1. I want to make sure I understand the PRE zone here: with the label point 7 angstrom from the Cα of Thr240 toward its beta carbon, which residues in the stretch 204-233 have backbone N atoms less than 14 Å away?
2. Note down the nm distance, to one decimal, between modelled labels 7 Å out along Cα→Cβ at Asn151 and at Ser16.
3. So who's got an amide H within less than 5 Å of the one on Gly192, skipping anything under 5 residues away but keeping other chains? H placed 1.01 Å off N, in plane.
4. In whole Hz and in residue order, list the ³J(HN,Hα) couplings for the stretch 100-115 that follow from phi through the Karplus curve 6.51 cos²θ - 1.76 cosθ + 1.60, θ = phi - 60°; x for Gly and Pro.
5. Under the 0.36 nm per residue contour assumption, what length would be gained going from the current alpha-carbon distance of Arg179 and Asn247 to full extension?
6. In whole Å, largest first, what are the principal axis extents of the Cα atoms in the chain?
7. Per-residue ellipticity at 222 nm for the chain, helices alone: DSSP H runs ≥ 4 residues times -39500 (n - 2.57), over residue total, nearest 500 deg cm²/dmol?
8. Note down the nm distance, to one decimal, between modelled labels 7 Å out along Cα→Cβ at Arg260 and at Asp37.
Amino acid sequence: MSHLSGLSAFTLTPYSRAGVVDVDHLQKLVANLAATDVDSIGVLGSTGSYMYLDRAQRARAIKAAVEASGDKPILAGIGDLRTDWVVEHTASADKAGASALLLAPVSYLPLTERDFTELVKTVTSACSLPVCLYNNPGTTHFTMSSELVTNLAQLPTVMGVKNPAPATLMSATELAAKRGDLPEGFVLGYSGDALIIHVLPAGADAWYSVLAGTLPEVALKIWSARAEPEKLSELQSQCTLLWECFNSWGSIRVMPEISRMIGLGPLDLALPLQPLEHNAVAQIDKSLQALHDNKLI
C-alpha cells in the first residue's frame, strides 16, 4: 500500500502562545493514533497550524511525530511562502524520517500554474520522498486544475493529490473518471470531512481526515463503510451536528475544543485567532454528545 493511500489521521499540533511546540503533548497525540488502525498520520496540515509555526518549530514537530509514530507512516506538511523555505522543510522532513510530503501552494500574491509547477519540480529534485499535492483553494486561493495535476503527476515522486471533497456524488464521480489520465497507482485523496460521504462511494483512494486525528474511532467507522451506501448515509446523519460545527467555525477552532472535552489536553490557537465563544463551545459539546448517544465514541 502507498504511504499516501487509506485513512490518514491529521493530528493537531500543541504549541504555546509563543509558538513553541509542546513535544510531549504532540507525541502523546501521535502515539494514540499509532495504536489505532489508521493507515498513516498527518502532521503540520492546516488544522495542525503549520503556517503559524516557524521553520525550527516545524522541524521539531516532524521529528517528534516520527519518533512517536511506531510503524505508522508520517505525512509531513512542507508548504511555505518561499521556495527556499519549502526546500528547508523538505530537508527537515527527510532527515526526521517522514514517509511522504504534503505540498500546498502557499502564497501572498496569487500564484500561476507555472509558479507552482516550478515549485513542485524544485521539491522533487531536492528529495526522493513521495509528494502529495495539497489542493486547498478555500485557504490558498489557488485551484489545481485536473490538467495541472495530470501534468505534475508525470514527475516521478508526485504520487497523490489531496483534493477538497466535492458537494455532490456526481461531482465526485466526474473527478474519479479522470483517473485514466493519471499514472497507475497515483492516489486520489480527499479532505473536507463534512462532505466526505460523496467521495468515498466514488472510489477515493485516501481520506485525509482532521476528524481521524482526534476521534479516530469515528473516522474508522466511516472509512470502513465506504462500500456500504446505506451504512455510510446513516453515519453521515449521526455526525450532522459535528459537520454543522465544522461549517460554522472551521476545524482549526472546533477540533481543539473536542480535544479538550475528551481529555486529550488543551490547545492554544495562534494569535490573532481567538477562542470560540460560549454558545459555540456549547454546540460542539452537543455534537460530541450526539456521537456518544449514537455509540460512535
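Bear in mind these aren't lab numbers, they're just calculated from the coordinates by the rules spelled out. In this text the structure is predicted, and so the values were computed from the model without any measurement. Quick reminder, even Gly has a Cβ in these numbers, built from the backbone with ideal geometry, and neighbours come from all protein chains shown.
1. The answer is 233, whose backbone nitrogens lie closer than 14 Å to the label point.
2. In this crude spin-label approximation the distance works out to 4.6 nm.
3. Correct list: Ala165, Val210.
4. Each residue's phi maps through the Karplus curve to give 7, 10, 10, 10, 9, x, 6, 7, 9, 7, x, 8, 9, 4, 5, 4 Hz.
5. 21.6 nm is the gain from fully extending Arg179 to Asn247.
6. 50, 45, 37
7. The per-residue figure over the chain is -13500 deg cm²/dmol.
8. 3.3 nm
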